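Visitor: This structure is in structure tokens; I'll ask about it shortly.
The values are calculated or read from the model by the stated rules, or taken from the named source; none is laboratory data. Predicted, not measured: the structure shown is a model, and the values here were computed from it. All Cβ positions, even for glycine, are placed from backbone atoms using ideal geometry, and neighbour counts span all protein chains on display.
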Amino acid sequence: MEWKAMCFAARPASKHTGGGRKGAVLGAALVAAAAGAVCLSGPAVAQQPAPRVLNMQSSWPANSTAQEAFKMFADRVDKMTGGQLKITTSPAGTVVPAFEVLDATHKKVIDGTHTIAYYWTGKSKTATLFSNTPAGIVGMDQMDFIGWLYEGGGLDLYWEFYQKELKLNLIVFPLHAPSPQALGWFRKPITGLADFKGMKCRQTGITAELYARMGMAVVNMPGGEIAPAAERGAIDCAEWVGGIEDFALGLHLIWKNHYTPGMHESASVGEMIINKDVWESLTPAQREIMRAAGNDTLLRWGVMFQRMNAEAIQEMTTKHGVKIMNTPKEINTEFLKVWDQVAAEESAKNPFFKKVYEAQKAYAAKVVPAKRFMFPPYNLQADHYFPPQQ
């Protein structure tokens, strides 16, 4: 008789039947859970079923690092399911335009998407809170925000937002963290907030609203149009991402004044969205694997992104004459003040925005002050081992 090994991944307890929202936790716990799979041997009673394929599309260009996160996620799912669950990772525009993936997933035109929540502020400004933008909500960095999702009830609110507020047939969990991002590229050097007045600058989403209040003449355009617009002189500055993504666009070949940091996406986090019917048609083990693969990607892609950014910055400065300068403090301080105003205005007229924002503030009130006391200033060690160059 032929014998085959069958492995089932250990599944953590959840309050939600059939795959809840708590899911797996970051880091070593994920590796331990995957490594702790329980393998049973038994007689083969039937031929293994054909692999299931989920057809998904992102909001990202094919050559972006965010698209690499999407591919990494699919690869982890493939390997952890033994090839029984595969995901196609089409880039933006393959099936629908980049900004139509949310509705396309709801309608099951595609099975799922990798994107970021602040793209949906046109439906509700509450969406920006689930990308931890702008400013790293209430001072939360990436890890604080992930903590709010998994330890502060944020993921339940995230599902409630899509399913009840927007009436979309979706589930969601975090997948990558493309931050912190630079303030941007400028035709001329800037010295303070006054330089923003009338400056034509590429900005998008709620960030564009905030910078407009700070005096900019904001221009909205896709990332692929930034470099041509800069070369034509149609814009005076632009924000994309920073580091490797800006290098890929060639912005360092056009402008040489690059300012960082920015507060608009100091700790942003992207999302993995799946049609709810598709999600519920998966086995409990497959759902658990997808959550674990998502958290694995969040960690592994994040450290890769950090390395690639460092290498891109080094090349831009040493080989292309780019000057990377500190953003004038008053600009980032004013950005925080303007965001506080917008958040207060939206809280006054949008009960769900207020509900989410208050939940974030309550969690941040615990972890942000504690981190300030527990964590040594990053510059203390960085400056000791790598003194700033004059």
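Visitor: Please specify each residue of region 67-90 satisfying the condition of being of a type outside the set (Lys, Arg) and in contact with a Pro (Cβ under 6 Å, 6 or more places away or on another chain).
Guide: Those that are of a type outside the set (Lys, Arg) and in contact with a Pro (Cβ under 6 Å, 6 or more places away or on another chain): Gln67, Gly83, Gln84.
Visitor: Of the conditions (1) more than 19 Å from Asp156 (Cα to Cα); (2) under 25 Å from the mean Cα position of the chain (by Cα), Tyr363 satisfies every one except a single condition; which number is it?
Guide: Answer for Tyr363: the failing condition is (1).
Visitor: Could you tell me whether region 327-341 includes any residue that is touching a helix residue (DSSP H, G or I) at 6+ places or on another chain (Cβ under 7 Å) and more than 30 Å from Lys188 (Cα to Cα)? If you could, list the steps in order and put the result at the bottom.
Guide: Here is the first cut: in region 327-341, the ones touching a helix residue (DSSP H, G or I) at 6+ places or on another chain (Cβ under 7 Å) are 330-331, 334-335, 338-339.
Then drop every residue that is not more than 30 Å from Lys188 (Cα to Cα), which leaves none.
Taking every residue of region 327-341 in turn, none turns out to be touching a helix residue (DSSP H, G or I) at 6+ places or on another chain (Cβ under 7 Å) and more than 30 Å from Lys188 (Cα to Cα).
Visitor: Hand me the list of helices (runs of 4 or more DSSP H) wholly inside region 67-171 holding 1 or more residues that are within 23 Å of Gln181 (Cα to Cα), in contact with a helix residue (DSSP H, G or I) (Cβ under 8 Å, 6 or more places away or on another chain) and not assigned by TED's automatic domain parsing to the domain that holds Lys361.
Guide: Those helices (runs of 4 or more DSSP H) span 142-151.
Visitor: Return the only residue of Tyr211, Tyr162, Tyr118 being farther than 14 Å from Met272 by Cα and out of contact with any Phe, Trp or Tyr (no Cβ under 6 Å at 6 or more places or on another chain). It would help to see each step written out before you state the result.
Guide: Working: Tyr162 fails: farther than 14 Å from Met272 by Cα; Tyr118 fails: farther than 14 Å from Met272 by Cα.
None of the others qualify; the one that does is Tyr211.
Visitor: Report yes if some residue within region 70-79 is crowded, with 24+ Cβ neighbours inside 10 Å and over 18 Å from the mean Cα position of the chain (by Cα); otherwise report no. Explain how you work it out, then say what you get.
Guide: Residues of region 70-79 crowded, with 24+ Cβ neighbours inside 10 Å: 70, 73.
Remaining after also requiring over 18 Å from the mean Cα position of the chain (by Cα): none.
No, the conditions are met nowhere in region 70-79.
Visitor: In region 324-344, is there at least one residue being small (Gly, Ala, Ser), within 24 Å of His106 (Cα to Cα), modelled with pLDDT of 95 or more and surrounded by 19 or more Cβ atoms within 10 Å (Cβ to Cβ)?
Guide: Looking for residues that are small (Gly, Ala, Ser), within 24 Å of His106 (Cα to Cα), modelled with pLDDT of 95 or more and surrounded by 19 or more Cβ atoms within 10 Å (Cβ to Cβ), one finds none in region 324-344, hence no.
Visitor: Taking the stated definitions as given, is Thr204 under 16 Å from the mean Cα position of the chain (by Cα), surrounded by fewer than 21 Cβ atoms within 10 Å (Cβ to Cβ) and within 20 Å of Thr260 (Cβ to Cβ)?
Guide: Yes, satisfied.
Visitor: Residue under question is Ser281, and the condition is that it be farther than 28 Å from Lys319 by Cβ, buried (at least 21 other Cβ atoms within 10 Å of the Cβ) and out of contact with any Cys (no Cβ under 7 Å at 6 or more places or on another chain); does it hold?
Guide: On the way: farther than 28 Å from Lys319 by Cβ: yes; buried (at least 21 other Cβ atoms within 10 Å of the Cβ): no; out of contact with any Cys (no Cβ under 7 Å at 6 or more places or on another chain): yes.
Taking the combined requirement at face value, the residue does not satisfy it.
Visitor: Among the residues of region 193-239, count how many are among the charged types (D, E, K, R) and free of Cβ contacts under 8 Å to residues at least 40 places away in the same chain.
Guide: Qualifying residue count, region 193-239: 7.
Visitor: Right, next: Could you please let me know if Glu288 is among the charged types (D, E, K, R), within 21 Å of the chain's Cα centre (by Cα) and within 30 Å of Asn169 (Cβ to Cβ)?
Guide: yes
Visitor: Additional query: Take the residues in region 233-259 that are under 24 Å from the mean Cα position of the chain (by Cα) and aliphatic (A, V, I, L, M); name whichever of them is nearest to Lys323 (Cα to Cα).
Guide: Per the criteria, the residue is Leu251.
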